[in-house]
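Structure first, then comments.
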Amino acid sequence: MAPRAVRSKERLKVLAVVLAAGKGTRMRSSLPKVLHELRGKPLLGYVLDAIRNAGIKRTVVVVGYGEKQVRSFLKTDRLQIVRQWPPKGTGHAVLCAEKYLRHWKGLVLVMPGDAPLVTAESLKAMLKAHQFQKASATVLTAHVKEPHGYGRIIRRAGQVAGIREELDATSAERRIHEINSGIYLFDAEELMSHVRSLKAANQKKEYYLTDTIALLAHSGQQVAGYQTNDAMEVLGINSRQELSQIEKAMNQNEIVKHQKNGVTIISPENTFIAKGVKIGRDTVIYPFTWIEKSVRIGERCQIGPFSAIRQGTQIEKGATVGSFVELVRSRIGKQSRVKHLTYLGDAVVGADVNIGAGTVTANYDGKGKHQTHIRQKAFIGSNTVLVAPVTVGERAKTGAGAVVLSGSRIGKGQTVAGVPAKPIQRGKRKK
Ligand code: UD1
Ligand code: MG
């Protein structure tokens, strides 16, 4: 067999170990840190996705604090889970995965469960660098303006010689701006032999995985540092402040994508758009608008201010929604207007419909959700309550304050008014 082919086979042999047993003391939470959500997805979910997208098929997750909750999140994934209790540091966490690592002939990727921004591309690039340098270990590092809180990379003659945690660092070491991401590649055998000899000789009295780097370097092994260009990627989340900073950064990335596609967003700081939302050209999003995943908005719409466009909603070309409107699982037809103080849930609204101020679909009866159909060119009077299921026919009207009872079908062109709403003709109300 050609040596090249052997090398490319070896390249695939990577076992990932995700450290997710820590409490996350700085979060001050009863929820384990790795389950805190960013844009609706737990931190741990991002890490596992990056690993999977980098083509790594075997993953061991180390769980401990909040074990039950973390296990139930992991349930759907094909993963190996090991327990670390009590958590005695990142080195001790790796040791808890010993039964999978002991016989592993290949590479081990160690990832913290609290670094959600790292991409599969960076993991792949790091893997390449590791193999190219024939290193025993590679540390993913970054040069950051604010290194506070991170382990610092100690280099000697350009080579990585160790990692010093902030609490144990001298003031000179604290001035180092190259930080440890907490993401490493190790040769499995080297990792195991050094992780067993770790000592908890530090301020926190923990077994630090970071100490294996100095141990490897001292024993003459080649330790590489792979520095990412995007320092943002390696940010670890340790506090609620850091969580909100990353949430903000991710939201801004999403907003910039829409701006580049021709959407006007008046106040990016006060607009929240989930990943994967589609918005057509020349639509204007006014401030304080919250748009959830799977929403689709057409061209030349006006959305907000102060509106929540929730999951499963579709707004067609030229429609106006807001201010103070909440839509969920609803479709708003072309040129329709839902302008003020309205809640539409499970509603299918045709084209050119006017929804008056204060309209409410009562879509939930305590047991199930029901639909409201409002056909084209209908006119819903202010403060109408539509107790679903209801159908309002084409060009039909409801009077202000009407309560349209469940099961009603308002015919084409018909007008209803009152409580409960009844048909009226030529301005008179039918008794
Ligand atoms: C760690 C690194 C630091 C690095 C930073 C990057 C160590 C000693 N320090 O610090 O050099 O700059 O990450 O974000 O490794 N965990 C366990 N078991 C434990 C302790 C932690 O599973 O006993 C898990 C945590 O759940 C977390 C990850 O390991 O997902 C990292 O732990 P954390 O306490 O956040 O370490 P940092 O102080 O951020
Ligand atoms: Mg951390």
Query - Rg over Rh [alpha-carbon atoms, Kirkwood Rh] for region 261-423 - result: 0.99
Report task. Based on the mean of other Cβ atoms within 10 Å per residue, sort peptides 409-422, 328-341 so the most packed one is first. Result -> 328-341, 409-422
Query raised in the report: So for 143, 36, fewest C-beta neighbours within 10 Å to most, what's the order?
Result: 143, 36
Query raised in the report: When the convex hull of the Cα atoms of region 23-117 is projected onto a plane and the area is averaged over all directions, what value comes out in nm²?
Result: 6.4 nm²
Query raised in the report: Where in region 287-316 does the label zone of residue 281 land, with the point 7 angstrom along Cα→C-beta and an amide N cut-off under 17 Å?
Result: 297-302
Report task. Please state, to two decimals, what the Cα-based radius of gyration of the chain comes to when divided by 2.2 N^0.38 Å (N = residues). Result -> 1.30
Report task. Using the Karplus curve 6.51 cos²θ - 1.76 cosθ + 1.60 with θ = phi - 60°, work out ³J(HN,Hα) for each residue of region 334-351 in order, rounded to whole Hz, and write x for Gly and Pro. Result -> 3, 6, 6, 10, 10, 8, 9, 6, 10, 10, 10, x, 6, 10, 10, 10, x, 7
**Report entry** Residues with amide H under 5 Å from that of residue 16, placed H, sequence gap 5 or more
**Finding:** 58, 59, 60, 109
Report task. Could you calculate the FRET efficiency of residue 202 with residue 174 from 1/(1 + (r/R0)^6), where r is the beta carbon distance between them and R0 is 22 Å, rounded to 0.05? Result -> 0.90
**Report entry** Label point 7 Å beyond Cα of residue 69 along Cβ direction - residues of region 90-133 with amide nitrogen under 16 Å
**Finding:** 113-114
Requested in this report: Measure off 7 Å from each Cα along the Cα-to-Cβ vector at residue 230 and residue 78, then give the distance between these two points in nanometres to one decimal.
Outcome: 2.8 nm
Query - Ranked list, fewest to most other Cβ atoms within 10 Å of each Cβ, for 403, 284, 325, 34 - result: 284, 403, 325, 34
Query - Spherically averaged projected area in nm², based on the convex hull that wraps the Cα atoms of region 135-272 - result: 10.7 nm²
Report task. Relative to the compact-globule scaling 2.2 N^0.38 Å, provide the ratio for the alpha-carbon radius of gyration of region 8-234. Result -> 0.94
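Here, each number is a calculation from the coordinates, and none is a lab measurement. The structure presented is a predicted model; accordingly, all values stated were derived computationally and were not measured. So basically every Cβ, Gly included, is an ideal-geometry build from the backbone, and we count neighbours across all protein chains shown.
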